[in-house]
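What follows is a single structure, written as structure tokens, with notes after it.
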Amino acid sequence: MTVYNLYIYNRAGTLIYYQEWSRKKPMTMSLEEESRLLYGMLFSLKSFSNRISPLDVQEGVQCYTTNKYKMTLFETPTSLKFVCNTDVNAPGVNEMLQKLYTQVYVEYVIRNPECKPAEPITSELFKAKLDETVRMSPAFSSKAA
Amino acid sequence: MHRVLEDPEQYPISLKFGWPKLSTNEKIFLASMFYPLFAIASQLSPEPRSSGIQVLETASYQLHCFQTLTGVKFLAVVDPRQTGVEALLRRLHELYADFALKNPFYSLEMPIRCELFDTHVRSALESAEKLGVANV
């Protein structure tokens, strides 16, 4: 039960943070290309989901599952997106992402006078805190095969 | 519609809420939109040899996708509490093989217009709804 990787996008769609813990498949394209592909897919997925939804409630995609991984999306009201790939059975990923937003992002990025809103996050303290929060969450136990 | 509600002679009225039925074009459009998303999900996987999207979850519905070995996809939009959708999709695949593919008048890739297929699909859906588990 592990977390594979995590992407954070700002409201313009640029990747402001990426971290990976375990990735079996080597990257077939550069990180920038992959992040743009993922963002484009999320955008299309959101609009597809709004069209096909049987009720009028427009809550947005929460997660999707394939046979090998599960992708969870947490979007804040300010259009900041946290995207996390975990294995299929990982519990509580949504809560983990919410915690990451409130306890790590808000504390160490928003309240950091040196972090500009649209730029990639370079703060070491943020990286350390994010890593710690992810490792402590129930979605991340010992690395499984 | 307000006039109908205010007029006491019309009571009792039964109101049924549902979403406006999608036109056939819209359905084709949405299905075509889903196809590349399914493929991209398999490409973006951090694990080797992942399939495409099997379950897409939101707060109000779940979309299940079953892809056969020939690339035909069966999509089902269900309530999040519904169980047994995988079995239902497999049952639909069986019905497709029986009533569409074995029908000599059916041409591949065209919309399926076969009454027997429709009846059997409807009864499979009803039994899935009643039991929560597809009764195959």
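Here, each number is a calculation from the coordinates, and none is a lab measurement. These numbers were taken from a predicted model, which means no experiment stands behind them. Note: ideal-geometry Cβ built from the backbone for every residue, glycine included; neighbour counts use all protein chains shown.
Points worth noting:
- The listed residues are A:R36, A:R11, and the only one of them that is charged (D, E, K, R) and either within 8 Å of another protein chain (Cβ to nearest Cβ) or in contact (Cβ under 8 Å) with a residue 24 or more places away in the chain (or both) turns out to be A:R11.
- Scanning region A:61-95 for residues being at the interface with chain B (Cβ under 7 Å from one of its Cβ atoms) and in contact with a strand residue (DSSP E or B) (Cβ under 6 Å, 6 or more places away or on another chain) gives a total of 7.
- Some residue of region A:2-9 being in contact with an Asp or Glu (Cβ under 6 Å, 6 or more places away or on another chain), in a loop (DSSP other than H, G, I, E, B) and of a type in the set (S, T, N, Q): yes
- Unique residue being out of contact with any strand residue (DSSP E or B) (no Cβ under 7 Å at 6 or more places or on another chain) and either of a type outside the set (V, I, T) or on the phi < 0 side of the Ramachandran plot (or both) when the list is B:T70, B:T58: B:T70
- A:L100, sole failed condition from (1) more than 10 Å from every other protein chain (Cβ to nearest Cβ); (2) of a type in the set (A, V, I, L, M, F, W, C); (3) under 30 Å from B:F29 (Cα atoms): (3)
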